[in-house]
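As C-alpha cells, the structure follows; a few thoughts come after it.
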Amino acid sequence: MRLVGENGEQLGTLPLYQAREVAKSHGLDLVEVAPTAVPPVCRLLDYGKFKYEQAKKERNSRKSQKIVLLREIRLRPKIGEHDFDAKSRTAKKLLAGGDKVKVTVMFRGREITHPDLGWKLLQKMAESLKDAGTVDGQPIMEERRMNIILSPVPVQKTKAPKVKQEVEVTDAKNENPQGSAEPATRNR
C-alpha cells in the first residue's frame with residue numbers, strides 16, 4: 001500500500017505490516033483514504049483529532065445555513081372576506097420570516113364539483129401576496145385539496161448613498177469669515 005505521512009509527504013509503497021509498524025512508532029493511526037486505488041492509499045494521522053475537526057467543520061457549516069420551513073394556510077371555498085384578509089396577513093408574516101407557505105383550499109362534500117372556486121381563491125391569495133412572495137408552479141389538485149406553494153421574495157441589500165457634509169472652517173475667535181460679530185454657523 002502507498003503510505004502518506006501526517007503532513008502529506010510520501011513515505012513510499014510498503015506492505016501492511018510495515019505500515020502498521022510505522023504508524024505505531026509515530027504514535028498515529030493508519031487510515032485508508034483511497035481503497036479503490038492501485039495500490040490502496042493509507043495515511044498516518046490522529047484519528048480522534050481528525051473526527052473532532054470534521055465535526056467542528058460540520059457544526060460551523062450548519063450555523064450559516066438558514067432552515068426554511070414549509071408552513072400551511074388552509075382555506076375553504078366559501079371563506080368570508082375578513083377571514084381571507086386575516087389568512088393573507090398571516091401568510092405575509094410567514095413569508096417575511098423567510099418560510100415557504102403552502103396555501104391549501106379544502107373541499108368538503110359537493111364543493112369538489114366546483115374546483116374553479118378554489119382556483120380563483122388561490123389566484124386571489126397569490127395576487128394579495130405578490131409583493132411578499134412568488135408562486136412556485138401551478139395549483140395542484142390532491143384528492144379533495146388544491147394547493148399552491150409561495151416562496152419568499154429574496155431581500156436585496158441596498159446601500160444608502162453617501163452624503164458629503166460641507167463644513168465651513170472659521171478662525172479660533174468663532175467669527176464669521178466676513179468679519180461680522182455674529183457667530184458662524186455650520187452647513188450640514
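The values are calculated or read from the model by the stated rules, or taken from the named source; none is laboratory data. This structure is a prediction, so every number in the text was calculated from the model and none was measured. In this analysis, Cβ positions are derived from the backbone assuming ideal geometry, glycine residues included, and neighbour counts consider all displayed protein chains. Keep in mind that these areas ignore ligands, DNA and RNA; they rest on the heavy atoms of the full protein, side chains included. Shrake-Rupley method; radii C 1.70, N 1.55, O 1.52, S 1.80 Å.
What residues qualify as long-range amide H neighbours of Arg74, i.e. H under 5 Å apart, gap of 5 or more or another chain, H built at 1.01 Å from N?
Thr104
With a 1.4 Å probe and all protein chains left in place, how much of the accessible area of region 55-122 comes from carbon and sulfur atoms, in whole percent?
With neighbouring chains kept in place, the figure for region 55-122 is 52 percent.
Please list, in order along region 99-114, the HN-Hα scalar couplings obtained from phi with the Karplus expression 6.51 cos²θ - 1.76 cosθ + 1.60 (θ = phi - 60°), rounded to whole Hz, x for Gly and Pro.
8, 7, 10, 9, 9, 10, 9, 9, 9, 10, x, 7, 4, 5, 6, 10
Using modelled amide H (1.01 Å from N, peptide plane; none on Pro or chain starts), what sits under 5 Å from the amide H of Ala34, excluding residues fewer than 5 places away?
Val41
Within region 1-82, list the GluC sites (Glu not before Pro) lying in a DSSP loop whose Cβ has at most 14 other Cβ atoms in a 10 Å radius.
Passing both the DSSP loop test and the Cβ count: Glu6, Glu9.
Short version: ³J(HN,Hα) in whole Hz for each residue of region 37-45, in order, from phi by Karplus 6.51 cos²θ - 1.76 cosθ + 1.60 (θ = phi - 60°), x for Gly and Pro, what are they?
Result, rounded to whole Hz: 6, 10, x, x, 9, 10, 10, 8, 7.
Leaving out ligands and nucleic acids, note down the accessible area per residue over region 15-161 with a 1.4 angstrom probe, in whole Å².
Numbers: 10660 Å² over 147 residues.
Value for region 15-161: 73 Å² per residue.
Taking the DSSP beta bridges in region 1-73 as the whole, what percent of them are antiparallel, to the nearest 5?
Values: 8 of 11 bridges.
Of the beta bridges lying entirely in region 1-73, close to 75 percent run antiparallel.
Report ³J(HN,Hα) in whole Hz for each residue of region 61-69, in order, from the Karplus equation J = 6.51 cos²θ - 1.76 cosθ + 1.60 where θ = phi - 60°; Gly and Pro get x.
With coefficients 6.51, -1.76 and 1.60, one gets 5, 5, 4, 7, 7, 9, 7, 9, 9 Hz.
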